[in-house]
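Read-outs: derived from the displayed coordinates by stated rules, not from any lab. Everything quoted here is computed from the prediction, not taken from an experiment. Here the Cβ positions follow ideal geometry from the backbone for every residue, glycine too, while neighbour counts run over all protein chains shown.
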Amino acid sequence: MSTTFADYAAQQDARNTIELNVRKWSLMLCDALQQDYQKRYYGYRAGLPGADTNKFYIESGRKYHKIIMDANGSRSVHAFIDRKSGEVYKSASWKAPAKGVRYDLRLIEQREWLLENATWHGSYLYKR
């Protein structure tokens, strides 16, 4: 059975939409982590030099989005998110995720739980 160009274009559009949504959800996770940090930790260190320098951001690679935590210039990988499937992994090292999917951002229930319970120190990645 041959695929028409229209079918191919529709499939490509669907893949692009999923990848854009995964990027959006990854940014939402970064925001949730930043809010958790500010809520839990900033109050403890308020007024101290460098208390608000912790930041979460994305570095995109060929296969994964890396969620990076930058704390006073010391960077570490918080989690990996598969760019095509939206599967979330805890990190095993700077370059690779640990085996075993922790969450799937495409599933609404898991995504909502993740965004509500994400902690800046990553304990939510060990509960599954």
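Each residue of the range 69-80 was assigned a 3J(HN,Hα) from its phi angle through the Karplus expression (A = 6.51, B = -1.76, C = 1.60, θ = phi - 60°), giving 9, 10, 10, 6, x, 9, 9, 8, 8, 7, 7, 10 Hz with x at Gly and Pro. Taking amide hydrogens as placed 1.01 Å from N in the peptide plane, the amide H of Arg83 sits under 5 Å from those of Tyr64, His65, each at least 5 positions away in sequence or on another chain. For the residue pairs Lys39/Lys84; Lys63/Lys99; Lys66/Lys90; Lys55/Lys90; Lys63/Lys90; Lys55/Lys84, the alpha carbons lie more than 21 Å apart in Lys39/Lys84; Lys55/Lys84. Estimated from helices alone, the mean residue ellipticity of the chain at 222 nm is -11500 deg cm²/dmol (sum of -39500 (n - 2.57) over DSSP H runs with n ≥ 4, per residue).
Taking other C-beta atoms within 10 angstrom as a stand-in for reagent exposure, Ser76, Ser91 fall in the order Ser76, Ser91, fewest first. Helix 5-37 sits at what angle to the longest principal axis of the chain, using alpha carbons and giving 0 to 90 degrees rounded to 10? In the chain, helix 5-37 runs at an angle near 10 degrees to the longest axis.
Angle of helix 108-117 to the longest C-alpha principal axis of the chain, folded into 0 to 90 degrees and rounded to 10: 10°. The orientation-averaged projection of the convex hull spanning the C-alpha atoms of the chain amounts to 9.5 square nanometres.
Among Ala92, Ala14, Ala32, which one shows the highest mean-square fluctuation when the chain is modelled as a Gaussian network with alpha-carbon springs under 10 Å? Largest GNM mean-square fluctuation: Ala14.
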